[in-house]
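Worksheet: the structure to be examined is printed underneath.
The values are calculated or read from the model by the stated rules, or taken from the named source; none is laboratory data. Since we're looking at a predicted model, the values are computed, not measured. Here the Cβ positions follow ideal geometry from the backbone for every residue, glycine too, while neighbour counts run over all protein chains shown.
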Amino acid sequence: MKQKKDSIEFLFKYMNAISPTGFEKNGQEIWSAYVANYVDEVASDVYGTAYGIINPGCDFSVLIEAHADEISWFVNYITDDGFIYVIRNGGSDHLIAPSMRVNIHTEQGLVRGVFGWPAIHTRRGKQEDLTPKLENIFVDVGAKNKQEVLDMGIHVGCVITFVDDFDMLNNQYYYGRALDNRIGGYCIAEVARRLSEKKIRLPFTLYVVNSVQEEIGLRGAEMIAHTLRPNVAIITDVTHDTHTPMLNKIQQGDISCGGGPVLYYAPPVHNKLLKLLRNTAKKSKIDVQLGASSRVTGTDTDAFAYANGGIPSALISLPLRYMHTTVEMVHKSDIENTIQLMTDFLKTFSSDFNFKYY
């Protein structure tokens with residue numbers, strides 16, 4: 001299906017938003033404003049998880065979900081010379097930090113900076129001293145001392161994000177920072193749009209949920225699961241494309257961008273719901289890939305599956321290259337197939353379905 005102009009505009013605007021864990025407001029406002037066109041109600045909880053409601057008030061409810069937050073850094077220490085040391089906010093990668101441009105978010109506005117690094121000519125000594133580590137990466141904002149940094153509005157606790165834009169490669173891939181997992185937020189918003197534009201009346205309430213704080217432990221999903229108490233949950237996230245160099249298919253599975261969304265087997269994934277999704281994909285002729293995850297999925301699926309006495313939950317993951325970098329890549333066809341798979345499932349799902357194993 002060809003993307004509509006307003007859909008593409010939303011995609012680029014939302015992907016270029018800044019939405020660090022714990023500070024998702026900017027991205028959530030963009031997402032909520034778009035989704036409001038296609039749902040009956042829009043709401044949010046006190047920590048910022050945003051959601052749309054379609055056909056409210058039914059006894060049975062289904063939830064589709066993504067997470068809105070992106071990895072970032074916190075200002076942790078400012079030296080007398082005006083250099084800034086950081087700690088992680090989520091799973092930020094210290095190896096990619098040197099020479100990256102950053103935005104420091106202050107109450108006075110954005111302050112530009114860079115992750116500095118000694119020039120190759122000057123690096124001498126033991127090898128471990130030459131490797132970027134959380135203890136030795138630092139941000140330079142061009143200040144001569146600590147007071148000048150403070151005068152810019154920078155203080156301990158300010159959030160730092162990489163400067164990077166969302167774009168396309170070879171007319172097949174989208175790339176940029178934070179596709180993990182705002183691309184999922186785009187997918188569920190598009191499901192709402194298609195249901196609305198095709199005037200599909202669901203026999204149950206549908207919650208379209210964009211959760212916060214996934215990157216630090218599925219926290220937003222935990223909260224909203226108890227608030228909304230859905231009967232079924234389908235979660236979208238990303239997983240690793242294992243066809244790029246230096247990845248091990250024996251350990252990570254055989255998954256590729258362009259091969260279709262990945263349906264995961266894992267203890268938190270409800271087997272009967274997973275089978276329904278596989279059957280939907282087969283009937284709709286949507287290519288899917290299969291993955292397996294030990295113990296937990298590491299996604300919001302785990303939070304929903306074990307909430308409220310157990311919510312039948314399943315995970316649909318988009319194959320992604322270079323996770324937690326500024327050049328995350330996802331294939332256009334996988335986005336389309338993920339949207340279509342969720343839409344077709346919702347169109348055919350019956351709230352009378354018995355999820356008990358025996």
Quiz item: So which of G185, G220, G157 is in the same structural domain as A305 (by TED's automatic domain parsing) and either at positive phi or touching a Ser or Thr at 6+ places or on another chain (Cβ under 6 Å) (or both)?
Solution: G220
Quiz item: Under 6 Å by Cβ, and 6 or more places apart or on different chains, what pairs join a residue from the range 285-310 that is assigned by TED's automatic domain parsing to the domain that holds T227 with one that is part of a loop (DSSP other than H, G, I, E, B) and of a type in the set (D, E, K, R)?
Solution: D300/E214; N308/R229
Self-check item: Top-ranked residue of the range 75-89 - restricted to ones that are surrounded by fewer than 20 Cβ atoms within 10 Å (Cβ to Cβ) and under 24 Å from the mean Cα position of the chain (by Cα), ranked as farthest from N181 (Cα to Cα)
Solution: I87
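Only one of V39, V86 is hydrophobic (A, V, I, L, M, F, W, C), over 30 Å from F353 (Cα atoms) and either part of a loop (DSSP other than H, G, I, E, B) or not assigned by TED's automatic domain parsing to the domain that holds L341 (or both); which?
Result: V86 is the single residue among V39, V86 that is hydrophobic (A, V, I, L, M, F, W, C), over 30 Å from F353 (Cα atoms) and either part of a loop (DSSP other than H, G, I, E, B) or not assigned by TED's automatic domain parsing to the domain that holds L341 (or both).
For the range 193-227, enumerate the residues that are in a helix (DSSP H, G or I) and either within 12 Å of the chain's Cα centre (by Cα) or crowded, with 24+ Cβ neighbours inside 10 Å (or both).
Result: G220, A221, I224, A225.
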Quiz item: Looking at the range 245-277, which of its residues are closer than 20 Å to N181 by Cα and exposed (fewer than 13 other Cβ atoms within 10 Å of the Cβ)?
Solution: none
Self-check item: Criterion (assigned to a strand (DSSP E or B) and modelled with pLDDT of 95 or more) met by exactly one of L277, L273, L263
Solution: L263
Practice problem: Tell me, please, whether a residue that is within 18 Å of the chain's Cα centre (by Cα) and among the polar types (S, T, N, Q) can be found in the range 271-293. | Solution: no
Quiz item: Out of F355, F345, which single residue is in contact (Cβ under 8 Å) with a residue 60 or more places away in the chain, in a loop (DSSP other than H, G, I, E, B), closer than 21 Å to K275 by Cα and not β-branched (V, I, T)?
Solution: F355
